[in-house]
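What follows is a set of notes on a single structure, which appears directly below.
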Amino acid sequence: MLAEIKDLAENLAPRLIEIRRHLHSHPELSGEEYQTSAYVAGVLSSCGLHVTESVGKTGVMGELSGNNADHRTLAIRTDMDALPIQEITNREFASRNPGVMHACGHDVHTTLGLGTAMVLSQLSEALPGNMRFLFQPAEEIAKGARWMVDEGAMSGVNAIFGVHVFPSIPGKTVGIRYGALTAAADDLEIIIEGESGHGARPHQAIDAIWIASQVITTLQQAISRTQNSLHPVVLTIGEISGGRAPNVIADRVRMLGTVRSLHPDSYASLPNWIENIVTNICDTYGAKCQVNYHRAVPSVQNDAKLTQILESACREAWGNEQVQIINEPSLGAEDFSVYLEKVPGCMFRLGVGIAEQKNYPLHHPRFDVDEAAIVTGVVALAYTAYKYYQAK
Ligand code: NI
């Protein structure tokens with residue numbers, strides 16, 4: 001089966017590169033993937049999959065039946081949206097939509113989903129169970145997975161795999177991580193209300209800016225003193241506004257931030273922990289406060305057994321050369337975790353670093369990929385899917 005998958009993927013390489021370049025030159029923003037999803041639906045239909053469009057706004061679902069020896073369904077999720085970035089790669093297939101760019105490699109992900117569907121559709125008689133391909137919109141705004149799940153994309157699914165390209169891993173290498181891959185990312189809004197007054201007489205006012213500075217400083221220090229150092233927490237206030245004039249005490253400050261954590265204990269305790277600190281400081285100085293803590297995306301926790309299936313599939317396919325175990329999790333976030341609230345899953349990283357040239361990071365206007373990695377990604381997904389049905 002491995003040899004057949006490799007042959008099919010190799011033969012499809014020119015077509016897959018063509019698909020990737022088409023997607024790359026026609027990027028669409030989160031939630032607006034109309035042309036992309038129509039294109040995806042067309043390719044899936046042409047290889048005989050049962051296609052459902054508009055699953056979670058612009059999401060697409062493609063289903064492939066196996067030979068029914070196993071009644072389970074394995075899902076593969078790939079995301080389709082681009083970013084509001086002006087591309088400056090000078091590639092002939094660079095973005096034709098001004099100010100919009102596939103700078104996070106979701107064009108490659110979509111191609112991997114399509115390529116895997118193409119390969120497995122030709123091997124469906126040897127595939128024991130069913131496959132469901134989820135082409136997800138709006139990953140960059142962390143909404144698309146929820147949209148698709150809410151519309152039943154996971155009903156009947158037993159497990160799920162996902163992939164993200166990574167420029168700091170050499171092209172054609174698969175990065176595998178056991179346990180936490182990405183962090184939980186929560187949204188934080190803090191509003192502090194004091195009392196205005198003359199800048200010369202602060203004792204007659206309640207200075208919301210000074211209290212806000214106490215809140216920020218205390219939160220940062222308290223992480224190191226009251227959170228378990230072995231369970232990383234990052235709290236970033238990225239936006240702050242308040243005050244109207246240099247000589248007027250500000251009566252209101254609004255701060256917006258992001259809170260990242262990996263461990264379930266931190267994840268559970270952070271909302272109250274933050275609220276207590278903010279409330280205590282504001283109480284001390286007579287200000288009122290509101291803390292709005294919003295759960296956005298949980299942590300991606302890779303399932304051990306599925307990760308093992310992926311690892312052994314990749315080692316079998318390429319030996320140890322093209323397999324890299326990732327030792328550290330990322331504090332970035334990924335809404336693949338929303339599917340993991342329903343079933344166990346595993347997300348891996350596909351190296352797309354180009355040899356002997358500077359590789360720009362994800363979300364950079366010069367971000368570029370080693371297209372040879374597309375075949376690697378398709379083989380990894382297709383063979384892992386096959387192995388999933390072998391491992392009971
Ligand atoms: Ni991404």
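Just so you know, all these numbers are worked out from the coordinates, no wet-lab data involved. From a predicted model like this one, the values you see are computed outputs, not experimental measurements. When we count neighbours, we look across all protein chains shown, and the Cβ atoms used for this are built from the backbone with ideal geometry, even at glycine.
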Of the convex hull drawn through the C-alpha atoms of the chain, the volume per residue in Å³ is 152 Å³
Need the C-alpha centroid separation for the range 19-93 versus the range 181-256, integer Å.
42 Å
Would you mind working out the magnitude of the charge dipole of the chain relative to its Cα centre, with +1 at each Lys and Arg C-beta and -1 at each Asp and Glu C-beta, to the nearest 20 Debye?
380 debye
Note the angle between two axes, namely the Cα long axis of helix 106-121 and the longest principal axis of the Cα atoms of the chain, as a number of degrees from 0 to 90, rounded to the nearest 10.
30 degrees
DSSP-assigned coil residues among GluC sites (Glu not before Pro) in the range 90-177, each with at most 13 further Cβ atoms within 10 Å
E92
Applying the Karplus parametrisation 6.51 cos²θ - 1.76 cosθ + 1.60 with θ = phi - 60° to the phi angles of the range 14-22, what ³J(HN,Hα) value in whole Hz is obtained for each residue in order, glycine and proline being reported as x?
x, 5, 5, 5, 4, 4, 4, 5, 4
Any idea how many Lys pairs in the chain come in under 15 angstrom at the alpha carbon, given 8 or more places apart or on separate chains?
5
Which of C314, C47, C346 ends up with the largest GNM mean-square fluctuation for the chain, with Cα atoms connected below 10 Å?
C47
Packing-based order for 207-216, 292-301, using average beta carbon neighbours within 10 Å, highest first
207-216, 292-301
As a test of the formula, what do you get for the chain when each DSSP H run with n ≥ 4 contributes -39,500 (n - 2.57) and the sum is divided by the residue count, at 222 nm and rounded to the nearest 500 deg cm²/dmol?
-11500 deg cm²/dmol
Under 5 Å, built H, 5+ apart or other chain: amide partners of A180:
N302
Got the relative contact order for the range 184-297 handy, in percent, Cα pairs under 8 Å and 6 or more residues apart?
44 percent
In Å, descending, principal axis extents of the Cα set of the range 126-245:
81, 34, 28
Give the relative contact order (percent, whole number) for the chain; include only Cα pairs under 8 Å separated by 6+ residues.
24 percent
Based on Cα positions only, what radius of gyration and what Dmax would you give for the range 34-97, in angstroms?
15.8, 50
With θ taken as phi - 60° and the coefficients 6.51, -1.76 and 1.60, list the Karplus ³J(HN,Hα) couplings across the range 26-34 in order, rounded to whole Hz; mark glycine and proline as x.
10, x, 9, 6, 3, x, 10, 7, 5
List every residue whose amide H lies under 5 Å from the amide H of V248, counting only residues 5 or more places away in sequence or on a different chain, with H placed 1.01 Å from N in the peptide plane.
G199
So what is the relative contact order for the range 151-215, in percent, with contacts set as C-alpha pairs under 8 Å and at least six apart?
18 percent
Would you work out which of T279, V51, N67 lies farthest towards the positive end of the dipole of the chain, given +1 charges on the beta-carbon of Lys and Arg and -1 on that of Asp and Glu, about the Cα centre?
T279
Report the one residue of N302, A159, N130 whose Cα lies farthest in the direction of the positive end of the charge dipole of the chain (charges on C-beta: Lys and Arg +1, Asp and Glu -1; origin at the Cα centre).
N302
Cα atoms only, the range 276-343: Rg and Dmax in Å?
21.0, 65
Pairwise centroid distance, computed over Cα atoms, of the range 133-165 with the range 327-392, Å:
15 Å
Looking at the P(r) of the range 271-387, how many percent of alpha-carbon pairs lie beyond 18 Å?
68 percent
Per the chain: cysteines with no other Cys C-beta under 4.7 angstrom?
C47, C104, C314, C346
Along the charge dipole of the chain, pointing to its positive end and built from +1/-1 on Cβ of Lys, Arg, Asp and Glu, which listed residue (G31, M1, G113) has its Cα farthest out?
M1
What dipole magnitude, in Debye to the nearest 20, does the range 184-297 give about its Cα centre under +1 on Lys/Arg Cβ and -1 on Asp/Glu Cβ?
160 debye
The range 184-297: C-alpha pair distances exceeding 19 Å, %
45 percent
